[in-house]
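Input: a single structure, listed below in structure tokens.
What follows draws every value from the coordinates through simple rules; no lab data is involved. All of these numbers come straight from a predicted model, not from anything done at the bench. Here the Cβ positions follow ideal geometry from the backbone for every residue, glycine too, while neighbour counts run over all protein chains shown.
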Amino acid sequence: MLLQVSDLAIRSRSGGVRILDGVDLQLGAGEVLGLVGESGCGKSMTCYAIADLLPAGLVRAGGSVRFDGVDMGSLDEPARRRLRGGRIAMIFQDPTSHLNPVHRVGTYLEGALKRHRGLSGTDARMEAIRLLERVGISDAKRRMNAYPHEFSGGMNQRLMIAHALACEPDLLIADEPTTALDVTTQAQILDLIETVRAETGMAILIVSHDLGVIARLADRAAVMHCGRIVETAPVEALFDRPAHPYTSALIGCMPTVDPDDCDPPRPIRGSVPSLADLPGGCHFHPRCDRRMPACGLARPPLAALADGQSSACFNPVPTW
Amino acid sequence: MVSAVPILEARGLGRIFTRRGGLFAPRSVLRAVEGIDLELPVGGRLAIVGESGCGKSTLGRLLLGLAAPSAGTILFESMEHGHRSPADWKRFRRESALVQQNPLAALDPQMTIGAQVAEPLTVHGRARGAAAREMAERGLVEVGLGPEMMARFPHQLSGGQRQRVVIARALVMSPKLVVFDEAVSALDVSVQAQVVGLINAQQHRLGLSYLFISHDLRIVRHVADRIAVMYLGRIVETGPIDAIYRAPTHPYTQALLAAVPRLDPRARRPAVTIRGEATASAADGPGCAFRTRCAMAIARCASERPELLALGDRATACHRAGEVSEPQRERMELVS
Ligand SMILES: Nc1ncnc2c1ncn2[C@@H]1O[C@H](COP(=O)(O)OP(=O)(O)OP(=O)(O)O)[C@@H](O)[C@H]1O
Ligand SMILES: Nc1ncnc2c1ncn2[C@@H]1O[C@H](COP(=O)(O)OP(=O)(O)OP(=O)(O)O)[C@@H](O)[C@H]1O
Ligand code: SF4
Ligand SMILES: [Mg+2]
Ligand SMILES: [Mg+2]
């Protein structure tokens, strides 16, 4: 396993609110894992915890993150820093706000090439131009002198990807990389991510609230609800026979462009509970069509069903 | 169906913004909306889609008289906006509403939900005091929010609840015409599904006529009957949604639809996409504004602007309309 997240828990420093609660994730070398769930369920914090970039208000409350067999908690800060932005790279939803506005595109890429690959001078410059061309930025030589604000959102996301590639990472964490983009640009960026992974063989953790993006890119998917993983499965199984009622309900909410799909999106009753005031037992039970008395009392463990599919539910949707 | 007088009609509608020149940039003219003709029948539900910056919000604001057109005419119930007296405008304001793009910006953080929903009633002299409060409360219940919401403030509500409040406020006057501008775009899918159900229920109840602006091609199918696809300020294809989704004839519509991710992991193919991004300058001069990104473009596309030509109840602005493009062929192969 390239990445093994076990029983990861995160809570807020002040209120003690649990943000992540016993998260388990595995990612093999070269694999693409999709992480999906509704706003606020903890997708970004999972990424930040893995990349060791948790915001100041949050602390680890248990569990471990092992990267390539090494417990990241056992590493000292310089070693962790070498991993972060080196073997582990991250791209974000809003690339423009993660780019330093006073740095030219070229400076930004050359800096990364120097730090992580020891390139400088003409070598760094040539490699930076090559990276820009690789991510589909035309007229790369001239664009080296541009500033991020002169780029569109889609171009800045390409730049972030070029920056990530500069370090030749083993793992790319992509947190909603296309959410802020038009559907046309989104398709271009998803294509680019797919091409890059085929070329480099790097593993990808892709986060999205859009099941379509997950279906497009992921080999396996994990569904998150209120800080817990409620289902994980190979992506075909997830869409063919979702086991957790929440997964099934999420798929039922998704509109499509298929004119033969006449059912209007089916809402999930009620609303997502607040993390500060979670219902006991299975956090989904007040909204669940399949709940049983036990569901409100105990936490259902993530249990293996078949063929790499696991679900945390006392009464999973029959999958035969 | 006998086509009655449309509730809303636009002819040759245009809006230009002049951008002051910067240090290096010359002063330039942006045609945010250009040459738009549209008709909304009573009870009609028209979706407006297109990429960011194509002019959807500007069109919505023009139609509601919230921005002044640079060209063209708008008629609401056969009366031209340009010929309205102040009293006519007042009546139009009572009978129309805008659901703004950003619900947080649309609500006043200092005012209770109840007061904000009741506000249009008092402003337009429809009701005041206890009567207005009662109507507001009923409006909230209609959108699935309990009376306990009346005393709350916006920050005490979830995103979905805020969006419902904005909709309740838009509908409290029982308007005839509504422009929903990205009313569900920021919501989680589970909440989006609720709000879509709500909009449909209210449309039935009030017989609303509306424009539903969205960049999401998936959701508009469930709230509208017809669609107008915009590219750099112009309508490039329009017609019944299902017919267009089944067989888009404009290369841009084809590309937009092909770019929407499917829910089927087996359908993952190299997504056929259009090159590059929309550049406003492509809309200047003669020729088709889409030609710079179009896989079908021929010499004529650069020299002659394609007109929006009607065929039955559909219309397309493309010299090669209906020819099967590569993206479209791949899609058809996928479906079969
Ligand atoms: N610095 C912080 N201090 C306290 N709580 C936080 C902090 N940052 C995030 N949270 C909370 O942690 C929870 C998980 O947030 P996270 O950003 O991971 O959600 P998400 O699944 O990425 O949502 P979205 O789809 O909206 O990006 C949320 O309820 C959020 O309010
Ligand atoms: N008040 C204004 N002054 C100058 N330019 C403007 C103004 N309002 C809009 N524009 C420009 O007009 C064009 C159309 O803008 P509009 O907001 O109508 O697009 P939109 O389709 O609603 O985009 P989005 O999907 O991002 O909301 C854009 O290029 C925008 O920058
Ligand atoms: S007119 Fe030409 S450039 Fe424009 S969409 Fe049609 S084929 Fe493409
Ligand atoms: Mg997030
Ligand atoms: Mg807009």
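Residues of A:185-192, mean number of Cβ from any other protein chain within 10 Å of their own Cβ, rounded to a whole number?
Across A:185-192, the average partner-chain Cβ count within 10 Å equals 5.
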Exercise for the section: Just tell me which lysines come within less than 24 Å, Cα to Cα, of A:LYS141; anything on the same chain fewer than 8 places away is out. Expected result: A:LYS114
Problem - Residue order, fewest to most beta carbons within 10 Å, for A:VAL223, B:VAL191 - result: B:VAL191, A:VAL223
Practice task
Using only atoms on other chains, find how many Cβ atoms lie within 10 Å of each Cβ of peptide A:142-155 and report the average.
Solution key: 1
Completion exercise
Under 5 Å from the placed amide H of A:GLY22, counting only residues 5+ away or on other chains, we find A:LEU8, A:ALA9, A:ILE10
Completion exercise
Mean other chain Cβ within 10 Å across A:35-41 is 3
Exercise for the section: Take chain A, connect every pair of alpha-carbon atoms lying under 10 Å apart with a spring to form a Gaussian network, then pick out the residue of A:HIS116, A:HIS285, A:HIS103 with the largest mean-square fluctuation. Expected result: A:HIS103
Completion exercise
With +1 on the Cβ of every Lys and Arg and -1 on the Cβ of every Asp and Glu, the dipole magnitude of the range A:3-311 about its Cα centre, in debye rounded to the nearest 20, is 1000 debye
Completion exercise
So the FRET efficiency between B:ARG205 and A:HIS98, C-beta based with R0 = 56 Å and rounded to 0.05, is 0.75
Exercise for the section: Could you go through the range B:35-47 in sequence order and give the Karplus-derived ³J(HN,Hα) for each residue, using 6.51 cos²θ - 1.76 cosθ + 1.60 with θ = phi - 60°, rounded to whole Hz, and x for Gly and Pro? Expected result: x, 8, 10, 8, 9, 10, x, 4, x, x, 10, 10, 8
Exercise for the section: Would you tally the net charge around B:ASP216, using a Cβ to Cβ cut-off of less than 14 Å, leaving B:ASP216 out, and scoring K and R as +1, D and E as -1? Expected result: -3
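How much length is gained on full extension from B:ASP284 to B:ALA105, taking 0.36 nm per residue of separation minus their Cα-Cα distance?
Numbers: separation 179, 0.36 × 179 = 64.44 nm, distance 3.33 nm.
Gain on extension, B:ASP284 to B:ALA105, equals 61.1 nm.
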Completion exercise
Check: C-alpha center the range B:298-323 vs C-alpha center the range A:103-148, spacing in Å is 42 Å
Fill in the blank from the handout: Neighbours of B:LEU75 by Cβ distance under 13 Å: Lys/Arg at +1, Asp/Glu at -1, summed charge -4
Completion exercise
To the nearest 20 debye, the protein assembly as shown has a Cα-centred charge dipole, built from +1 on Lys and Arg Cβ and -1 on Asp and Glu Cβ, of 1360 debye
Practice task
Would you please give the FRET efficiency between A:ALA294 and B:GLU304, computed as 1/(1 + (r/R0)^6) with r the Cβ-Cβ distance and R0 = 56 Å, to the nearest 0.05?
Solution key: 0.20
Exercise for the section: Scan around B:VAL236 for amide H atoms under 5 Å from its own, H built in the peptide plane at 1.01 Å from N, and keep only partners 5 or more places away or cross-chain. Expected result: B:VAL229, B:MET230, B:TYR231
Fill in the blank from the handout: The alpha-carbon center of the range A:189-262 and that of the range B:216-243 are separated, in whole Å, by 26 Å
Practice task
Give a residue-ordered list of calculated ³J(HN,Hα) values for the range A:25-41 (Karplus: 6.51 cos²θ - 1.76 cosθ + 1.60, θ = phi - 60°; whole Hz; x for Gly, Pro).
Solution key: 9, 10, 9, x, 4, x, 8, 10, 9, x, 10, 10, x, 7, 3, x, 7
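From the square roots a ≥ b ≥ c of the eigenvalues of the alpha-carbon gyration tensor of the protein assembly as shown, which class results: rounded (a/c under 1.5), prolate (a/b over b/c), or oblate? It would help to have the intermediate numbers written out before the result.
Working: a/c = 1.72, a/b = 1.22, b/c = 1.41.
In terms of gyration-tensor shape, oblate.
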Handout entry: the range A:3-311: C-alpha gyration tensor shape, a/c 1.5 cut-off, then a/b vs b/c
Key = prolate
Practice task
Run the dipole for the range A:18-129 about the Cα centre, Lys and Arg Cβ at +1, Asp and Glu Cβ at -1, nothing else charged, and hand back the magnitude in debye, nearest 20.
Solution key: 360 debye
Problem - Gaussian network model of chain B, springs between alpha carbon atoms under 10 Å - residue of B:GLN100, B:GLN156, B:GLN254 with greatest fluctuation - result: B:GLN156
Fill in the blank from the handout: Rounded to the nearest 10, the angle in degrees between the Cα long axis of helix A:121-134 and the longest principal axis of the Cα atoms of chain A comes to 50 degrees
Fill in the blank from the handout: GNM on chain B, Cα springs under 10 Å; top mean-square fluctuation among B:ILE244, B:ILE167, B:ILE16 goes to B:ILE16
Exercise for the section: Convert each backbone phi in the range B:216-228 into a coupling constant with the Karplus relation 6.51 cos²θ - 1.76 cosθ + 1.60 (shift: θ = phi - 60°), then list the ³J(HN,Hα) values in order as whole Hz, x for Gly and Pro. Expected result: 9, 6, 6, 6, 5, 4, 9, 10, 9, 9, 10, 9, 10
Completion exercise
Dimensionless Rg/Rh of the range A:22-78, both radii on Cα and Rh by Kirkwood, sits at 0.95
Exercise for the section: Label the range A:213-320 by shape, choosing from rounded, prolate and oblate, from the square roots a ≥ b ≥ c of the eigenvalues of the Cα gyration tensor; if a/c is under 1.5 it is rounded, and otherwise prolate applies when a/b is larger than b/c, oblate when it is not. Expected result: oblate
Handout entry: chain A, relative contact order in percent, only Cα pairs under 8 angstrom and at least six apart counted
Key = 20 percent
